[in-house]
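A short reminder: the numbers here are calculations on the coordinates, not readings from a lab. Only a predicted model underlies this, so the values are computations on that prediction, with no experimental measurement involved. So basically every Cβ, Gly included, is an ideal-geometry build from the backbone, and we count neighbours across all protein chains shown.
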Amino acid sequence: MDTRLKSPFMSGARYVIDECFAERLLAEALSRGGDYADLFFEYAISGGFGFEDGILRSSSRSVSLGLGVRVMKGDATGYAYTEELDERAMFETARIAAQIASDGGNTPPINLAEATYEARYDVRTPTLALPGEEKRELLRRADERARQLDPRVKKVSVSLAEELRELVIATSDGIFARDRQPLVRFGVHVIVEEGNKRQSGNSGGGGRFGLEYFDEHSPESHAEEAVRHALAMLDAREAPAGNFEVVLAAGDSGILLHEAVGHGLEADFNRKKTSHYSGKIGEKVASELCTVVDDASIPGSRGSINIDDEGRVPTRATLIEGGKLAGYMQDRHSAAHFGVASTGNARREDFRSAPMPRMTNTYLMPGQSDPDEIVSSVKYGIFAKKFGGGQVDIGNGDFVFNITEGYLIEDGKITAPLKGVNLIGNGPEVMKEVVMLGNDFAASDGVWTCGKDGQSVPVGVGCPTVKIRSITVGGTAL
C-alpha cells in the first residue's frame with residue numbers, strides 16, 4: 001500500500017491514540033459534571049478525477065484531520081472540535097465541550113475496551129493507493145467505449161471520486177473502536193444528438209470497494225448503460241398528467257422509499273414528535289406486503305459501516321414488518337429516551353459534526369410476484385426506471401420526485417418513453433397503496449448520498465419491482 005496512506009494515529013507499530021490517552025481526555029470532558037462524553041478522531045483522504053472529451057480535465061486530493069468532542073447533560077449537548085491534534089489543543093477542546101454542564105464533582109473511572117467486529121468491506125486495495133495513471137486509464141476506457149457505440153454520442157464526461165477515512169472513537173460508557181472506511185464512486189454522463197433532438201444519459205456506481213469494484217462493473221459497462229439511457233429517451237414523448245397506476249423498477253427506485261418514508265423512521269424525529277410515525281409502534285402504516293429494513297451489514301454497499309459514529313456495531317433494524325410499524329433507527333440518545341437498545345444508526349459527516357440517527361442501507365424487502373406479471377396487470381400507467389432529484393417534507397412525508405427514465409404502460413406492455421415525469425404524493429399514503437411486490441429484489445449500485453440538517457453521508461437503497469395502485473403523475477402532455 002502507498003505509504004502516504006499511513007495513519008497519523010500510528011507511530012510505527014504503535015497507536016498514538018490509545019485507550020489510556022482517550023480515558024484521560026474523556027475524564028476532562030466530564031470534569032464539569034456531564035452525563036456522557038465521546039471522542040471522534042478522523043483522518044480522511046479524498047480525491048477526484050474528471051475526464052471530458054478525451055482529456056483529463058481535473059484531478060484533486062485533499063486531507064482532513066481532526067477531533068470532535070461531545071458532552072451530554074440530560075437533553076443538552078455541548079460540541080467542540082479541533083483540527084490540531086496536539087495534546088494542548090485536544091484537552092482545550094474537551095474543556096469547551098464540557099461547559100454544557102456546570103455541576104462539577106468527581107468523574108467516575110472510565111475503563112475502555114476495544115470493540116471487535118466482523119469486517120463488512122475490504123480495505124486492502126483502496127483506489128487512493130493506485131498510481132494516477134491507472135485511474136486515468138479507467139476513465140479513458142469508459143470515454144472510448146461510449147464514443148464507439150453510436151455516432152450520435154457528442155459529449156462524454158467520466159468521473160471518479162474516492163475516499164479513505166480512518167476513525168478512532170472512544171465513549172465514556174466504555175467503547176474504544178477503530179475503523180478504516182474506503183469509498184469509491186465512478187460515473188459516466190453522455191449527451192446524444194439527432195437532428196434538433198438532444199438527450200443525456202447517466203450511469204454510475206461504487207461502494208466500499210477498492211479496485212476490485214471494476215472486476216464486476218467495468219468502465220465499459222457504465223459507458224454502455226449511459227449511452228443506452230440517452231438513446232432510449234431520445235424520442236421520449238410528453239408525459240400524461242393525473243392519477244395512474246405506477247410500477248417502480250427494482251433497485252434504484254428504493255430512493256423514493258428512502259426519502260419519502262425512511263427519514264420519518266429516524267428516531268430523533270420521533271423523539272421530538274415531528275414525524276408522521278411518532279407514537280405509532282405496532283400500528284398499521286403500510287400495505288401488509290411491505291417490510292422495510294435498514295441494514296448496515298451488506299458487504300461493500302455504499303451505506304455499510306462496521307461501527308457507527310458512536311462506536312457501536314449496527315444491527316439489522318426492522319422498521320416496518322408486514323405493514324406494521326416495528327421500530328425506529330436509533331442512536332444512543334434516542335434509544336435511551338425510548339428505553340430500547342441503540343440500533344447503531346448514529347452517523348455524522350465528519351469530525352466537525354455531532355452524530356444523529358441516519359439511514360445506512362434502507363430496503364423494501366421482496367414479495368412473491370413475477371415482475372412481468374406486475375407489468376402485465378397494468379392497463380394504463382407509468383413504469384419508473386430511473387430517478388433523479390426530489391423534495392420531501394420529513395414531517396408529513398409529502399414528496400415530489402423527478403423520473404429521469406420512465407415509460408408508458410399500455411395494455412400490460414411497456415411502450416413509449418416519457419419525458420417530464422414527476423411523481424407527487426405522500427410517502428406514508430403511497431406505502432398503503434402498494435398492491436404487488438416482485439420477487440426480484442435489487443440493491444442500488446452505490447451512487448446515493450443523503451442530506452440531513454446540513455450533513456451528507458453515503459447510503460444504499462434497494463427494492464423489488466413495486467406496483468402502486470394510484471399515485472399522482474405530474475406530466476406535461478395536454
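Here are the numbers for this structure:
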read-out	value
Paramagnetic label zone (point 7 Å from Cα along Cα-to-C-beta, Asp150; backbone N under 13 Å) in the range 179-209	190-195, 197-202
The range 238-474 - percent relative contact order, Cα under 8 Å, separation 6 or more	31
Whole-angstrom gap from the range 419-478 to the range 132-167, using each part's C-alpha centre	28
Euclidean distance between Cα centres, the range 19-81 to the range 368-415, Å	40
Shape box of the range 238-474 [Cα atoms, principal axes, largest first, Å]	52, 33, 30
Lys, Arg +1 and Asp, Glu -1 on Cβ, resulting dipole of the chain about Cα centre, debye, nearest 20	620
Residue exposure sequence - Arg145, Arg302 - by fewest surrounding Cβ within 10 Å	Arg145, Arg302
Sequence-distant lysines (8 or more away, or on other chains) whose Cα lies within less than 20 Å of Lys272	Lys73, Lys280, Lys452
Helix-only mean residue ellipticity at 222 nm for the chain, each DSSP H run of n ≥ 4 adding -39500 (n - 2.57), per residue, nearest 500	-5000 deg cm²/dmol
Proportion of all alpha-carbon pairs of the range 334-394 beyond 19 Å (%)	63
Given charges at beta-carbon only (K, R positive; D, E negative), |dipole| of the range 334-385 in Debye	320
Convex hull projection area averaged over all views, the range 1-150, Cα basis, nm²	13.3
Relative contact order for the chain, counting Cα pairs under 8 Å that sit 6 or more residues apart, in percent	15
Exposure proxy order (Cβ contacts within 10 Å, fewest to most) of Met431, Met329	Met431, Met329
Semi-axis lengths (Å, descending) of the ellipsoid that matches the C-alpha gyration tensor of the chain	42, 30, 17
Kirkwood hydrodynamic radius of the range 418-476, from inverse mean 1/r over distinct Cα pairs, in Å	13.9
The range 68-216 - percent relative contact order, Cα under 8 Å, separation 6 or more	20
Neighbour net charge for Val247 - beta-carbon separation under 10 angstrom, K R +1, D E -1	+1
Between the range 191-210 and the range 263-324, the alpha-carbon center distance in angstrom	32
Which listed pairs, of Lys324/Lys467; Lys273/Lys432; Lys273/Lys386; Lys273/Lys385; Lys155/Lys386; Lys385/Lys432, have C-alpha distances above 26 Å, in listed order	Lys273/Lys386; Lys273/Lys385
Cβ-placed point charges (K, R +1; D, E -1), dipole of the range 3-232 about Cα centre in debye, nearest 20	760
Label-point separation in nm, Glu349 to Leu211, each point 7 Å along Cα→Cβ	3.3
Net length gained if the chain between Arg61 and Lys280 were fully extended (0.36 nm per residue, minus Cα distance)	74.2 nm
Sparse-neighbour loop sites [trypsin sites (Lys or Arg not before Pro); the range 195-299; at most 10 other C-beta within 10 Å; DSSP]	Lys273
Nearby aspartates and glutamates by direct alpha-carbon distance to Lys419 (threshold 14 angstrom, same-chain neighbours under 8 apart not counted)	Asp235, Glu238, Glu405
Selection from Phe186, Tyr81, Pro8, by position along the positive dipole direction of the range 3-232 (Cβ)	Phe186
Full-stretch length increase - Glu193, Val435 - with 0.36 nm per residue and alpha-carbon distance subtracted	83.2 nm
Selection from Ser275, Ala286, Ala296 lying farthest towards where the dipole of the range 246-363 points positive, charges on Cβ	Ser275
